[in-house]
Amino acid sequence: MAKPYSNDLRARVVNDIAEGATLAETADHHHVSLSSVVRFLRLKRSTGNIRPAKFGGYKPYSLAAYEKFVRRLVAQQPDMTLAEIRAQLTKQKINVGQSSIFRFLRHLKLTFKKKAYTPPNRIAQTSRPSAAPCEGGNRGWTPKSSYSSMKPAW
């Protein structure tokens, strides 16, 4: 994103208009767009100055004030989903989106990764002990009657 125009340029544009120049002439003379000239004038009329709004900087997390509450929620139920956390926050009259909750939890290093459910490995067991492979040896976890890349057996 481009930086805002300098205060000096903004002042010169507003002064030219005050001295009687047209909007188009002022825009051409100062090499700015006509919409920029209009915005400078509107800003001068509404606020009394021509300074741009704050640009850049750090925006704090919306849940920063509720950090203890969020940590307590996650400690009570570590496998809580984002939707469940959001529901608990809403009960406390704290309205935030799920993406805000996700970013805040990641900031707090409270991420949750579910265990992968994978077929058995030749070297070491990586699936749940109760899971049994399909018939026919080590063909994976698809039933024998449904092969996605082959024609049905007749």
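Within the range 81-99, the set of residues being without any contact (Cβ under 8 Å) to a residue 12 or more places away in the chain and surrounded by 11 or more Cβ atoms within 10 Å (Cβ to Cβ) comprises Thr81, Glu84, Ala87, Thr90, Gly97. Identification of helices (runs of 4 or more DSSP H) wholly contained in the range 1-86 with 3 or more residues that are over 30 Å from Ser99 (Cβ atoms) and among the basic types (Lys, Arg) yields 34-47. Select from the range 70-80 the residues that are in contact with a helix residue (DSSP H, G or I) (Cβ under 8 Å, 6 or more places away or on another chain) and under 17 Å from Lys109 (Cβ atoms) and write down the one among them that is surrounded by the fewest Cβ atoms within 10 Å (Cβ to Cβ). So the residue we want is Met80. Within the range 50-61, residues that are not assigned by TED's automatic domain parsing to the domain that holds Asn15 reach partners that are surrounded by 10 or more Cβ atoms within 10 Å (Cβ to Cβ) and in a loop (DSSP other than H, G, I, E, B) with beta carbons closer than 7 Å, at six or more positions or on different chains, in the pairs Pro52/Pro4; Phe55/Pro4.
Restrict the check to the range 47-57 and report whether at least one residue is farther than 30 Å from Thr111 by Cβ, buried (at least 16 other Cβ atoms within 10 Å of the Cβ) and either at pLDDT below 95 or of a type in the set (Phe, Trp, Tyr) (or both).
Going residue by residue through the range 47-57, those that are farther than 30 Å from Thr111 by Cβ are 47-55.
Checking the rest, the ones that are also buried (at least 16 other Cβ atoms within 10 Å of the Cβ) come to 50.
Going one step further and asking which of them are either at pLDDT below 95 or of a type in the set (Phe, Trp, Tyr) (or both), we end up with 50.
Taking every residue of the range 47-57 in turn, at least one turns out to be farther than 30 Å from Thr111 by Cβ, buried (at least 16 other Cβ atoms within 10 Å of the Cβ) and either at pLDDT below 95 or of a type in the set (Phe, Trp, Tyr) (or both).
Could you grab me the full set of residues in the range 35-88 that are within 22 Å of the chain's Cα centre (by Cα) and of a type in the set (S, T, N, Q)? If the condition is that a residue be within 22 Å of the chain's Cα centre (by Cα) and of a type in the set (S, T, N, Q), then Ser62, Thr81, Gln88 are the ones that fit.
The values are calculated or read from the model by the stated rules, or taken from the named source; none is laboratory data. Treat the numbers as computed from the prediction; the structure is a model and nothing was measured. Every residue, glycine as well, gets a Cβ built from its backbone with ideal geometry; the counts of neighbours run over all protein chains shown.
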